[in-house]
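To keep things clear, I will list the structure first and then write my remarks on it.
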């Protein structure tokens, strides 16, 4: 009887789905894994893999309704792969593709079995691949692109189930050599060295199968120690691995946007009473958010060994950072609230997008493509361009404040227009500098200074557009209200150079920034902003229109 009672926990563990077995992965999470050309913590590989497969870092088990985090889900599939091909894990989110494939249009997740055996999916992928093989600049239609992404998810799932993703064992000689899975350690290292790795890995898997949490933790620790004892030249510094693990758990950019949002809220609610105290509290909150962003960038630079502006995700969080940086500098000079009020909404929206749209804005820290491997040009050109976007984003925020006052029937102060003018000047200076440096870098990398590449062309269009806005003020074509309109409309050219070239056109030599998704959101923003400008123009003209004698006067929204 006692033996039967002692066996109940084991029986329950065996009956539970693998994803629900609670084991302590704290030691396993910190083991370096070679993945996508870089050594990163096991936990990072787990999150990135699950995110690619499911589109989220947390998977909801449709059988039980339980939410499973990335690390336990990834671990379960790796150590106990049987049966996972029958569970709906693979994201297919594009409705026209689902209709073509004969899949349920309202369903988002499908099993490996039903997708891998779908002949129509294979045909679409082969057709798209063949077109790109004939012309490397060919861009498949949206269904073709989505089908290719589904195919890559299927291949990733196959590699995970086969254990190929978890490459833990370093090459004994080559620093850039290929790492292998634990079971293959004997093909790289002598038997007496490889045996502890193979045995501890086997014990870890056995402990997971029985739900033995202490045994799993002990075996994970043994595996980690055995790998570190190898002393391989390619094994990364433990401090960097720990830093990346801490960074991934901390989410500093999420902390930043929360603090920015709190600071902006304090500014709004203290616009009347408690104005001075509210301003100091808001300034402190925004500054703390800025510090959180600085720490986030420090982590990414230390981990990657390069400036943090090499993909769309990094450029978005960098522009949010630059917008707050310029706002804090201007606020330190003028102490006028305007710059914080203009910067906070732009930065919060940017960071929320980066935080909540992982498929469109991939936060993974990846190795640089060859053209970006010159840190001098990367630092000077790319940082100049993206900081110009930040200055224009600040001008966008301040411009909205000015136009909002006009719509409300108020007269914006001359100082508000002067602040807007300063932000635009900084943006034009940085964009001109970055564009020229980009030409020099293009000559250095591709052998020509200028070739009307879409990215180059739209950078020039944006620069000329903002130059017209500034020149119009100097020439007397318009005054403050014209600057406000130009700051909002001009940012649409920045959106095209920044987002449109990479995500809509997807053409040119700047392919390292290409991506998909987000078009409805961006297009909706453009339409709303144009409607906002149209309303401001109508209100401005109405306020300036001559009024009959004796009619109540409205405060004209002039400069």
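The values are calculated or read from the model by the stated rules, or taken from the named source; none is laboratory data. Because the structure is predicted, anything quoted here is derived from the model rather than measured. Note that each Cβ is placed from the backbone with ideal geometry, even for glycine, and that neighbours are counted across all protein chains shown.
Points to keep in mind about this one:
- The residues listed here are 115, 121, 101, 97; of these, the one that is under 20 Å from residue 151 (Cβ atoms) and touching a residue at least 40 places away in the same chain (Cβ under 8 Å) is 97.
- Screening residue 352 on (1) in a helix (DSSP H, G or I); (2) surrounded by 22 or more Cβ atoms within 10 Å (Cβ to Cβ) shows it passes everything except condition (2).
- Hey, residue 177 assigned by TED's automatic domain parsing to the domain that holds residue 22, touching a residue at least 12 places away in the same chain (Cβ under 8 Å), out of contact with any helix residue (DSSP H, G or I) (no Cβ under 8 Å at 6 or more places or on another chain) and closer than 30 Å to residue 298 by Cα or not: yes
- So residue 219, is it touching a helix residue (DSSP H, G or I) at 6+ places or on another chain (Cβ under 8 Å), buried (at least 18 other Cβ atoms within 10 Å of the Cβ), within 26 Å of residue 83 (Cβ to Cβ) and without any contact (Cβ under 8 Å) to a residue 60 or more places away in the chain: yes
- Scope region 523-559; condition outside any helix (DSSP H, G or I) and modelled with pLDDT of 60 or more; matching residues: 545, 546
- Residue-level analysis places residue 520 among those that are closer than 27 Å to residue 352 by Cα and at pLDDT below 90.
- Residues in region 355-382 that are modelled with pLDDT of 90 or more and not in a loop (DSSP other than H, G, I, E, B) were compared, and the one that is nearest to the chain's Cα centre (by Cα) is 355.
Matching residues to (1) in a helix (DSSP H, G or I); (2) at pLDDT 95 or above; (3) farther than 23 Å from residue 178 by Cα:
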position: 4; (1), (2), (3): yes, no, yes
position: 23; (1), (2), (3): no, no, yes
position: 26; (1), (2), (3): no, no, yes
position: 33; (1), (2), (3): no, yes, no
position: 40; (1), (2), (3): no, yes, no
position: 63; (1), (2), (3): no, no, yes
position: 71; (1), (2), (3): yes, yes, yes
position: 75; (1), (2), (3): yes, yes, no
position: 78; (1), (2), (3): yes, yes, no
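- Identification of helices (runs of 4 or more DSSP H) wholly contained in region 172-284 with 1 or more residues that are at pLDDT 95 or above and under 18 Å from residue 344 (Cα atoms) yields 252-269.
- Qualifying residue in region 112-131 (condition: surrounded by 15 or more Cβ atoms within 10 Å (Cβ to Cβ), part of a loop (DSSP other than H, G, I, E, B) and at pLDDT 90 or above): yes
- Complete set of residues in region 295-311 that are under 17 Å from residue 257 (Cβ atoms) and part of a helix (DSSP H, G or I): 295, 296, 297, 299, 300
- Test: residue in region 389-398 that is more than 25 Å from residue 317 (Cβ to Cβ) and buried (at least 18 other Cβ atoms within 10 Å of the Cβ): no
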